[in-house]
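Only one structure is covered here, and it is reproduced in the block below.
The values are calculated or read from the model by the stated rules, or taken from the named source; none is laboratory data. Note that the coordinates shown come from a computational prediction; the quantities given were computed from them, not determined experimentally. Here the Cβ positions follow ideal geometry from the backbone for every residue, glycine too, while neighbour counts run over all protein chains shown. Surface accessibility is based on the protein's heavy atoms, side chains included, excluding ligands, DNA and RNA. Shrake-Rupley method; radii C 1.70, N 1.55, O 1.52, S 1.80 Å.
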Amino acid sequence: MENLSSHILPVLRTMPDGPFRAPLLRGFANHAAEFLTIENGFRDLTSRRHDGETLRRFFASWSQTNNSAMTVAGISNRLTLKLHRGEPVRDPQALLQALVSLHRIIDEDLAVTHKILHSKMFHTMATDIVGDDAWLQTRYIDRSAADFKTWKDNMSLREPDIALGLLTTLAHEIYTHGEVEFILPLFRQWLVEHFHYTDEDTARPLRWISVHCGGTERNHFFHAVNTLTHYAQAFDVDWEAYDLAGIAGQYLKRKAIVLQALFPRLEHVL
């Protein structure tokens, strides 16, 4: 049976040796319990047709953990703000290349290279499945999901060291690659078996998931790697001084807590 890590770890193993490969492998490979809790949550979601309140709570909360285009754009703003303020940059050309790579992560999300904003696709998916758009109400956001977003935004936009935001983005992009590839067949089967969609009719509501599959998020991950490489050249950063494995582990733990909170009836392993 496919699982989340089977989509993530092989990509990490293809990376060339460098400052990111080993800590990412360590950070993800050492958290089998968190992976299992997340997988169990998605499997429970797609095992039956839940009531509207459960679905609204799921989509409101899940959206807090995976829609991050604005956060990436915010990191870009922080980098250009350094130039605006006249802060010293060892290699301005490298900083420009870091920005070029960083922006490639959110081209599709912001409809720069495609016609539809990804936030609109998510709205279509959630609203079609729930049956209304009441899931947009903040009262449906579980505290664990709000905490996840607060942590991720703090790492990306509030920590004085921008490098922490870039490393968090790196962990997010490779995790998201695994998540969308893992859940797409589950969601398709869910809609066919429990919502009476035809196979063809699932394309529209699941477009938000499918457009991120087939290499999209994997490519975003490698854009993030390039961003980090150029950023280090621009500001003389030693990546060995950072706990990337710890950031990846924190990401997984916090994501698992969200799925555990949304589906508490399951036996979890955290």
**Asked** Sequence-distant or interchain residues sharing an amide H contact under 5 Å with Tyr197, placed H: which?
**Response** Val192
**Carbon and sulfur %, accessible surface of the chain computed with the full protein complex present, 1.4 Å** = 51
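Of the listed peptides 131-137, 157-163, 71-77, 34-40, what is their order by residue-averaged count of other C-beta atoms within 10 Å, with the highest listed first? Each step should come with its number before you reach the end.
Details: 131-137: 14.6, 157-163: 12.9, 71-77: 18.3, 34-40: 22.0.
In descending order of packing, they fall as 34-40, 71-77, 131-137, 157-163.
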**Item:** Derived scalar couplings ³J(HN,Hα) [region 195-204; Karplus, 6.51 cos²θ - 1.76 cosθ + 1.60; whole Hz; x for Gly, Pro]
**Value:** 10, 6, 7, 7, 4, 5, 5, 6, 4, 5
**³J(HN,Hα), Karplus 6.51/-1.76/1.60, whole Hz, each residue of region 6-11, x for Gly, Pro** = 5, 9, 9, 4, x, 5
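Given 10 °C and 1.306 mPa s, how large is the Stokes-Einstein diffusion coefficient of region 4-262 in µm²/s, with Rh as the Kirkwood radius over Cα pairs? Write down the numbers at each step before the final one.
Working: Rh = 19.0 Å.
Result for D is 84 µm²/s.
Note down the net charge around Gly131, summing +1 for each Lys or Arg and -1 for each Asp or Glu among other residues with Cβ under 13 Å from its Cβ. All intermediate terms of the calculation are to be shown ahead of the outcome.
On the way: positive: Arg49, Arg56; negative: Asp51, Glu53, Asp128, Asp132, Asp133.
Once positives and negatives cancel, what remains is -3.
Roll a 1.4 Å probe over the protein chains and send me the accessible area per residue for the chain in Å².
On a per-residue basis, the chain sits at 45 Å².
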**Item:** Between region 218-257 and region 130-201, the Cα center-to-center distance that results, in Å
**Value:** 19
**Asked** Along region 174-185, what does the Karplus equation 6.51 cos²θ - 1.76 cosθ + 1.60 (θ = phi - 60°) give for ³J(HN,Hα), rounded to whole Hz, x for Gly and Pro?
**Response** 6, 5, 4, 3, x, 5, 5, 5, 6, 8, 4, x
